[in-house]
Amino acid sequence: MVSDLQAPLVCPREIVREDWIDYNGHLNMAYYNVIFDHGVDHFFDLLNVGAAYAASGVGSCFSLEVHLHYIQELKLGDQVEVRLQLLDYDQKRLHFFQEMYHCEKGYLAATSEQLSMHVDMVSRRSAPFPDGVLCRVEEVFTAHRDLSTSERVGHVMGIPRRN
């Protein structure tokens with residue numbers, strides 16, 4: 001049982017590294033994904049489907065779809081914090097949303113919405129989560145379900161046309 005569950009889940013802070021900076025002088029778009037992925041690793045460890053679970057050869061979680069919004073740039077040395085909200089789940093899938101905040105200035109730098117699937121690593125096919133994992137997922141969902149949902153969730157990309 002997770003008694004001190006955060007809503008949203010606050011992931012370990014990260015500092016923007018020099019090798020993550022691109023020729024525009026800010027955090028390269030790929031490294032936003034890296035930072036968000038570290039937050040996902042933290043979440044999966046909480047659910048007991050993280051690195052140790054994957055190393056066991058029993059199962060793992062694979063990303064099915066990810067939508068990122070780059071809102072405000074980050075620069076070398078900026079410290080960021082990722083907050084994760086579980087939006088929905090079923091026997092095999094997790095739908096969650098992350099927000100990346102600049103720690104010192106407090107602004108929202110980026111968001112990531114993701115759908116992931118539990119995979120049986122022997123068959124390499126989707127499979128239901130183990131019962132113990134589903135209990136943890138339900139605890140997280142219960143803690144997160146009353147959080148407000150960002151307008152960026154479910155966003156469709158395109159160029160709006162005016163008639």
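Using Cβ point charges alone (K and R +1, D and E -1), the dipole size of region 14-163 about the Cα centre works out to roughly 500 debye.
Going from the fewest other Cβ atoms within 10 Å to the most, the residues TYR107, TYR70, TYR32 appear in the order TYR107, TYR70, TYR32.
For region 96-115, backbone nitrogen atoms closer than 11 Å to the point 7 Å from VAL10 Cα along Cα-to-C-beta are found at no residue. Each Lys or Arg adds one and each Asp or Glu subtracts one; over the other residues with Cβ under 13 Å from the Cβ of GLN114, this totals -4.
Taking all Cα pairs closer than 8 Å and separated by 6 or more residues, the relative contact order of the chain comes to 26 percent.
Dipole of the chain computed with +1 at Lys/Arg Cβ and -1 at Asp/Glu Cβ about the Cα centre; of HIS69, TYR101, ASN163, farthest Cα towards the positive end is ASN163. Computed extension gain for LEU76 through THR142, at 0.36 nm per residue and net of the alpha carbon distance, reaches 20.0 nm. For the chain, the mean projected area of the C-alpha convex hull, equal to one quarter of the hull surface, is 12.1 nm². Considering only ILE15, LEU134, ILE35, and ranking their Cα positions along the charge dipole of region 9-144 that arises from unit charges at the beta-carbon of Lys, Arg, Asp and Glu, the one farthest toward the positive end is LEU134.
With a cap of 14 neighbouring Cβ atoms within 10 Å, and only residues DSSP puts in a loop, list the trypsin sites (Lys or Arg not before Pro) found in region 1-88.
Answer in residue order: ARG13, ARG17, LYS75.
Between 0 and 90 degrees, the angle of helix 29-47 with respect to the longest Cα principal axis of the chain falls at about 30 degrees.
As a proxy for reagent exposure, PHE96, PHE141, PHE44 were ordered by neighbouring Cβ count within 10 angstrom, fewest first; the result is PHE141, PHE44, PHE96.
If you fit an axis through the alpha-carbon atoms of helix 131-144 and take the longest principal axis of the Cα set of the chain, what angle between them do you get, 0 to 90°, nearest 10? Once rounded, the angle reads 40 degrees.
No lab work stands behind these numbers, since they all come straight from the coordinates. If you're wondering where the values come from, they're calculated on a predicted model, not measured in any experiment. Note that each Cβ is placed from the backbone with ideal geometry, even for glycine, and that neighbours are counted across all protein chains shown.
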